[in-house]
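Data first, discussion second: the structure below is written as structure tokens.
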Amino acid sequence: MSHTSHEIASQPAIWQRTLDDLSAHVEALPRRCERVAVIGCGTSLFVGQAYAALREEAGQGITDVYPASDARLGRGYDRVLALTRSGTTTEVLTALGAGLDTAAVTVVTAVAGSPATALADHTVCLSHADERSVVQTRFPTALLVLLRAHLGLPVREAMADVHTALSLPLPQEMTAAQQITFLGTGWAVGLANEAALKVRETAGHWTESYSAMEYRHGPIAVARKGRAVWSLTPVDPALAKQIQDTGAALREPTLDPLAELVLAQRVAVQLAEQAGRDPDRPAHLSRSVILRPAG
């Protein structure tokens with residue numbers, strides 16, 4: 001079994017451990033009514049998108065999210081929440097090192113004592129969710145379980161559904177698809193972006209992702225027989241019919257969106273193996289993007 005597959009399978013225990021430790025992290029996480037900026041890169045950016053939508057929908061305060069390389073932090077934020085598994089990503093370190101005036105900085109990482117933690121006022125270290133794999137799976141899902149629970153949102157359904165996501169037969173219309181488009185609404189747009197990234201990173205497979213109702217505004221043009229659309233949230237009936245009329249396979253969710261993401265992680269590994277790729281050694285990728293000065 002690959003490291004990636006082992007880490008995917010470990011998620012029920014990792015999520016439970018994360019929930020058990022929630023009380024230790026409460027003081028470090030954003031408080032109700034704070035103006036929050038979330039920064040991250042790649043997977044962490046997409047986790048930030050999901051969290052920002054959840055926090056605003058829960059009425060807990062303005063929550064903006066930025067790629068760390070394009071962060072606009074001088075807008076009177078009370079807190080900057082920096083998400084970085086390794087704590088070494090150059091763009092995150094650059095953004096935090098630019099000086100944030102009065103904003104408190106919370107870094108969420110999997111590595112204690114990493115460079116990002118030296119720039120933080122508070123650190124949440126999920127070391128139990130760290131991974132050997134280049135491609136992130138259990139760290140971002142554990143982080144979202146933590147953030148959902150901290151917002152006071154229910155996670156019981158997700159905790160039950162993750163076991164189902166790990167035991168279900170893989171959807172053949174996805175493992176056979178030439179191309180997959182992931183859709184979502186609300187906070188699940190970030191999850192759709194992450195699901196598409198997982199399949200691209202792990203398998204080098206053509207994927208796209210969109211807010212569900214935006215899909216009909218052009219991207220649906222690539223849909224056809226042999227390709228697939230996977231929505232992490234229920235699809236508007238009129239859009240579902242449009243997709244089916246293209247000949248593309250459509251999967252609508254049967255699980256909590258976070259558990260659907262876990263199923264997509266499993267599909268990513270299967271697609272990689274079908275293509276003769278090693279899911280633990282994805283092409284052109286490293287565990288952390290560390291940029292060297294020119295020259």
Of the residues in the stretch 28-50, those that are among the small types (G, A, S) and over 16 Å from R85 (Cβ atoms) come to A28, A37
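Take the stretch 79-98 and flag every residue that is of a type in the set (A, V, I, L, M) and surrounded by fewer than 17 Cβ atoms within 10 Å (Cβ to Cβ).
Answer for the stretch 79-98, where residues must be of a type in the set (A, V, I, L, M) and surrounded by fewer than 17 Cβ atoms within 10 Å (Cβ to Cβ): just A98.
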Give the residues of the stretch 147-189 that are part of a loop (DSSP other than H, G, I, E, B), touching a helix residue (DSSP H, G or I) at 6+ places or on another chain (Cβ under 7 Å) and buried (at least 23 other Cβ atoms within 10 Å of the Cβ), sorted by residue number. W187
Contact list, first residue from the stretch 137-156 and of a type in the set (F, W, Y), second anywhere and open to solvent by 20 Å² or more (accessible area, probe 1.4 Å), beta-carbon distance below 8 Å, six or more apart or interchain, is F139/D130
When you go through (1) under 17 Å from A50 (Cα atoms); (2) hydroxyl-bearing (S, T, Y); (3) touching a Lys or Arg at 6+ places or on another chain (Cβ under 6 Å) one by one for S209, which number turns out not to apply? (3)
Qualifying positions in the stretch 227-243 - in contact with an Asp or Glu (Cβ under 9 Å, 6 or more places away or on another chain) and either open to solvent by 30 Å² or more (accessible area, probe 1.4 Å) or assigned to a helix (DSSP H, G or I) (or both): P234, A240
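Yes/no per residue for (1) assigned to a loop (DSSP other than H, G, I, E, B); (2) charged (D, E, K, R); (3) closer than 23 Å to T90 by Cβ:
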{"residue": "P30", "(1), (2), (3)": "yes, no, no"}
{"residue": "E34", "(1), (2), (3)": "yes, yes, no"}
{"residue": "I39", "(1), (2), (3)": "no, no, yes"}
{"residue": "G48", "(1), (2), (3)": "no, no, yes"}
{"residue": "A53", "(1), (2), (3)": "no, no, no"}
{"residue": "G61", "(1), (2), (3)": "yes, no, no"}
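Being part of a helix (DSSP H, G or I) and β-branched (V, I, T) is the filter; apply it to the stretch 244-280 and report the residue that is surrounded by the fewest Cβ atoms within 10 Å (Cβ to Cβ).
T246
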Kindly indicate whether A103 is of a type in the set (A, V, I, L, M) and either at pLDDT 95 or above or farther than 20 Å from V289 by Cβ (or both). yes
Do we find a residue being open to solvent by 30 Å² or more (accessible area, probe 1.4 Å) and either in contact with a Cys (Cβ under 9 Å, 6 or more places away or on another chain) or assigned to a strand (DSSP E or B) (or both) anywhere in the stretch 70-78? yes
Residue selected from the stretch 190-226 under the condition among the basic types (K, R) and within 18 Å of R266 (Cα to Cα), by the criterion least open to solvent (accessible area, probe 1.4 Å): K198
Residue hits (the stretch 46-69; open to solvent by 30 Å² or more (accessible area, probe 1.4 Å) and within 14 Å of the chain's Cα centre (by Cα)) are F46, Q49, V65, P67
Residues of the stretch 14-45 being open to solvent by 70 Å² or more (accessible area, probe 1.4 Å) and out of contact with any Lys or Arg (no Cβ under 9 Å at 6 or more places or on another chain), in sequence order, are Q16, R17, D20, S23, A24, E27, R32, C33
Restricting to the stretch 67-92, and then to whatever is hydrophobic (A, V, I, L, M, F, W, C) and in contact with a helix residue (DSSP H, G or I) (Cβ under 6 Å, 6 or more places away or on another chain), can you tell me which residue is farthest from A52 (Cα to Cα)? V92
Members of the stretch 99-129 found to be farther than 22 Å from Q49 by Cβ, open to solvent by 10 Å² or more (accessible area, probe 1.4 Å), without any contact (Cβ under 8 Å) to a residue 40 or more places away in the chain and not acidic (D, E), listed by number: G99, T102, V111, A112, G113, P115, T117, A118, L119, C125, S127
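The values are calculated or read from the model by the stated rules, or taken from the named source; none is laboratory data. Given the structure is predicted, the values throughout are model-derived calculations rather than measurements. For neighbour counting, all protein chains shown are included, and Cβ atoms are generated from backbone atoms with ideal geometry for every residue, glycine included. Accessible surface areas use protein heavy atoms only, side chains included; no ligands, DNA or RNA. Shrake-Rupley method; radii C 1.70, N 1.55, O 1.52, S 1.80 Å.
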